[in-house]
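Participant: Submitted below is the structure of interest, expressed as structure tokens.
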Amino acid sequence: MPWSVINILRKNPDLMRWNMLRRFKDPRIVDEFVRADREWRRIQRELNELRHKHNLISSEIPRLPQDLRSKRIKEARELLGIIKEHERRLKEVGKYRDRLLSAMPSILHKEVPVGPNELFNRVVRVWGRARVQRRHLRLFLSETLAKGFRMDYEIIDYEVMGHADVLEKVLKLGNTLKAGKVSGSRFYYLLDDIVWLDFALLMYAVDYLTRKRFRLVLPPYMLKGKYMAAVEELEAFKDALYKIEDEDLYLIATAEHPLAAFRADEVIPEEELPLLYVGISPCFRKEAGAASRDIKGIFRVHQFHKVEQFAFTLPEQSWEIFNQLIKNAEELYRGLGVPYRVVNIASGELNLRAAMKYDLEAWYPAQGRFRELVSCSNVLDWQAYRLNIKYLRRKGMVRDYIHMLNSTAIASTRTITALLENFQKPDGAIEIPKILRKYLELFKEAPKDYILPKSS
RNA sequence: GCCGGGGUACCCGAGCGGUCUAAGGGGCCGGCCUGGAGAGCCGGUGCCCCGAUAAGGGGCGCGCGGGUUCGAAUCCCGCCCCCGGCGCCA
């Protein structure tokens with residue numbers, strides 16, 4: 001079976017047109033594709049017929065007596081000219097067809113809220129007790145109660161400092177100025193206790209997921225262009241990815257990239273599915289589209305560490321695994337005690353790959369906002385088609401594209417910013433979540449209960 | 001990075017310009033046989049196009065991409081990867 005999206009485009013283009021409209025994308029690309037695909041198949045058919053003729057003549061030649069050969073060779077040579085021309089056109093039309101095809105999105109899940117922007121995101125659930133500054137109370141309620149969820153909160157009467165100021169001015173354990181000088185904006189030096197905290201968070205996530213039978217993977221941090229193009233959307237290349245100069249290599253923006261490519265060109269027997277992986281890697285992002293947003297601190301940076309969940313599943317399993325991945329992420333933040341809500345991302349905000357995406361957003365007491373810590377997506381067979389990954393159903397020897405899913409477990413710097421605001425004491429000290437204790441106790445110099453303000 | 005050897009289908013493995021329609025073996029799927037299984041026998045086992053999601057037909061596929069030729073797994077060029085040696089390096 002071809003890719004499910006090709007099937008739909010050929011047999012039920014109206015479904016894809018409707019899907020485009022729901023995603024606030026131009027549906028005319030569907031008609032454009034249908035036309036190109038028809039043309040491509042017509043040329044393909046003619047080419048096959050010509051090649052068939054040519055094959056017949058070629059195979060006849062060695063059995064012919066010398067004197068008759070030159071006539072047939074001449075015929076074959078003439079046919080070759082026509083074949084070359086058809087091949088050229090097939091390639092040309094095929095390229096156009098493929099370009100249109102690669103811009104086709106996954107079919108949205110029926111529960112995705114339809115809307116052009118994040119205002120249409122739907123809250124799925126809330127957890128924890130948020131610390132809300134009095135001046136943020138209305139904002140907080142509009143983001144919870146007004147969206148149908150009663151989230152526990154307490155009013156606090158002292159000023160909570162923003163994560164960037166706590167890090168650099170109170171704890172004095174981060175230096176983005178110096179990093180800016182030597183590397184540019186959105187880079188950072190982290191020091192001492194914050195580095196231990198970074199390690200501990202990663203260990204915590206890896207420990208939790210490997211206990212759940214996810215296989216631990218340390219993947220390559222660079223991928224060839226061909227594989228990047230298979231796992232990521234085109235726009236991501238210019239907006240998000242760093243490229244190695246003079247080489248066909250891209251720095252990964254998440255472990256999802258190499259994890260997806262891990263099983264490229266394989267046929268995986270159904271009894272091995274689902275395959276669950278937990279990858280740990282640095283992530284490199286240009287953040288070219290972000291302009292001057294979140295320019296302070298380590299919230300949005302060019303480089304950070306992340307533990308990532310990744311799954312290959314049978315098509316009928318993928319939604320069950322989707323729920324499992326987001327639940328795992330939630331467990332991790334419940335363990336830390338970070339209050340959050342889970343939101344179902346609106347259709348207009350979704351990338352092409354995802355059929356549905358849930359974000360986990362933590363409450364930030366200083367900013368008075370919920371902010372994304374985790375993103376969990378089911379991309380169905382979108383990546384599998386490009387990476388050529390299939391499952392094999394023994395019964396009937398059926399091969400078809402596998403489903404692939406990804407979800408953050410913990411992104412270190414982002415999570416640290418959430419801890420800096422949520423566990424900040426009036427004096428600026430940061431209380432370390434109890435659950436991280438065992439990952440800090442391994443190290444004599446690591447902090448155990450609090451990270452304290454530096455006086456000097 | 002340099003020199004040498006290599007990459008054939010799910011696995012092993014032959015072929016090194018024209019009956020290659022890629023031999024042969026193993027695995028897997030289906031059928032026959034059986035009370036059931038095994039053994040045995042027969043067929044199938046990648047991608048694309050036509051066709052009705054059929055029967056059937058055709059094209060492509062020997063690491064990837066080009067080229068030479070009427071004809072390429074086989075000859076030539078570029079790239080990727082693996083093995084051995086040298087260099088460099090944590």
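Only the coordinates and a few stated rules stand behind these numbers; no lab work does. Keep in mind the model is a prediction, meaning the values are calculated, not measured. So basically every Cβ, Gly included, is an ideal-geometry build from the backbone, and we count neighbours across all protein chains shown.
Participant: Tell me the chymotrypsin sites (Phe, Trp or Tyr not before Pro) within the range A:1-51 that lie in a loop according to DSSP and have at most 16 other beta-carbon atoms within 10 Å.
Facilitator: In loop regions of the range A:1-51 (DSSP not H, G, I, E or B), the sparsely surrounded chymotrypsin sites (Phe, Trp or Tyr not before Pro) are A:24.
Participant: Listed here are the pairs A:286/A:434; A:212/A:438; A:306/A:395; A:169/A:286; which of them are more than 29 Å apart at the Cα?
Facilitator: Checking Cα-Cα distances, A:286/A:434; A:306/A:395 exceed 29 Å.
Participant: Also, quick follow-up: Among all the lysines, which ones have a C-alpha under 24 Å from residue A:25's C-alpha, if same-chain residues fewer than 8 places away are not counted?
Facilitator: By straight Cα distance, residue A:25 reaches A:11, A:95, A:110, A:238, A:357.
Participant: Report, in debye and to the nearest 20, how large the dipole of the range A:229-309 comes out about its Cα centre when Lys and Arg carry +1 and Asp and Glu carry -1 on their Cβ.
Facilitator: Values: 9 positive and 17 negative charges, 152 e Å.
In debye, rounded to 20, the range A:229-309 gives about 720.
Participant: Still on this structure: Under a cut-off of 21 Å between alpha-carbon atoms, report the lysines in cross-link reach of residue A:53, not counting same-chain residues fewer than 8 places apart.
Facilitator: A:71, A:74, A:84, A:91
Participant: Can you bin the range A:107-181 into rounded, prolate or oblate? Criterion: square roots of the alpha carbon gyration tensor eigenvalues sorted a ≥ b ≥ c, rounded for a/c under 1.5, prolate for a/b above b/c, oblate for the rest. Show your work: numbers first, answer last.
Facilitator: Values: a/c = 3.16, a/b = 1.51, b/c = 2.10.
Verdict is oblate for the range A:107-181.
Participant: Placing +1 at every Lys and Arg Cβ and -1 at every Asp and Glu Cβ, with all other atoms neutral, what dipole size does chain A have around its Cα centre, in debye to the nearest 20?
Facilitator: 1060 debye
Participant: In degrees, nearest 10, range 0 to 90: what is the angle between the Cα axis of helix A:192-211 and the longest Cα principal axis of chain A?
Facilitator: 50 degrees
Participant: May I pose another question? Among A:175, A:423, A:120, flag the residue with its Cα farthest along the positive direction of the charge dipole of chain A, charges on Cβ as +1 for Lys/Arg and -1 for Asp/Glu.
Facilitator: A:120
Participant: In deg cm²/dmol, rounded to 500, what helix-only [θ] at 222 nm does chain A give when every DSSP H run of at least 4 residues adds -39500 (n - 2.57) and the total is split over its residues?
Facilitator: Working: 14 runs with 182 residues, N = 456.
It lands at -12500 deg cm²/dmol.
Participant: Would you work out the charge dipole size for the range A:303-386 about its Cα centre, treating the Cβ of every Lys and Arg as +1 and the Cβ of every Asp and Glu as -1, and quote it to the nearest 20 debye? Before the final figure, lay out each step's value.
Facilitator: On the way: 9 positive and 10 negative charges, 51 e Å.
It comes to approximately 240 debye.
Participant: Students often forget the sequence filter, so: which aspartates and glutamates lie under 16 Å Cα-Cα from residue A:296 once same-chain residues fewer than 8 apart are removed?
Facilitator: A:165, A:168, A:287, A:421
Participant: What is the spread of the Cα atoms of the range A:203-297 along each of their three principal axes, largest first, in whole Å?
Facilitator: Principal-axis extents of the range A:203-297 (Cα, largest first): 46, 33, 20 Å.
Participant: Here is a further query. Can you give me the distance in nm between label points at residue A:323 and residue A:158, each placed 7 Å from the Cα along the Cα-to-Cβ direction?
Facilitator: Rounded to a tenth, the inter-label distance reads 4.3 nm.
Participant: Taking +1 at the Cβ of each Lys and Arg and -1 at the Cβ of each Asp and Glu, which of A:338, A:101, A:220 sits farthest along the dipole of chain A towards its positive end, judged by Cα position relative to the Cα centre?
Facilitator: A:101
Participant: Hey, quick one: spin label on residue A:137, modelled 7 Å out along Cα-Cβ, who in the range A:347-390 has an amide N within reach, i.e. under 16 Å?
Facilitator: A:368
Participant: Under 8 Å for C-alpha pairs, at least 6 residues apart: give me the relative contact order for the range A:179-293, rounded to a whole percent.
Facilitator: Computed over the range A:179-293, the figure is 31 percent.
Participant: Then there is this: According to the square roots a ≥ b ≥ c of the eigenvalues of the Cα gyration tensor, what is the shape class of the range A:155-262, taking rounded for a/c under 1.5, prolate for a/b larger than b/c otherwise, and oblate for the remainder? Present the calculation step by step, with values, prior to reporting the outcome.
Facilitator: On the way: a/c = 2.32, a/b = 1.43, b/c = 1.62.
Oblate.
Participant: Further, regarding this structure: So, R0 is 51 Å and r is the distance between the beta-carbons of residue A:177 and residue A:265; what FRET efficiency does that work out to, to 0.05?
Facilitator: 0.65
Participant: Report relative contact order for chain A in percent, whole number only (criteria: Cα-Cα under 8 Å, sequence separation at least 6).
Facilitator: Here the relative contact order equals 19 percent.
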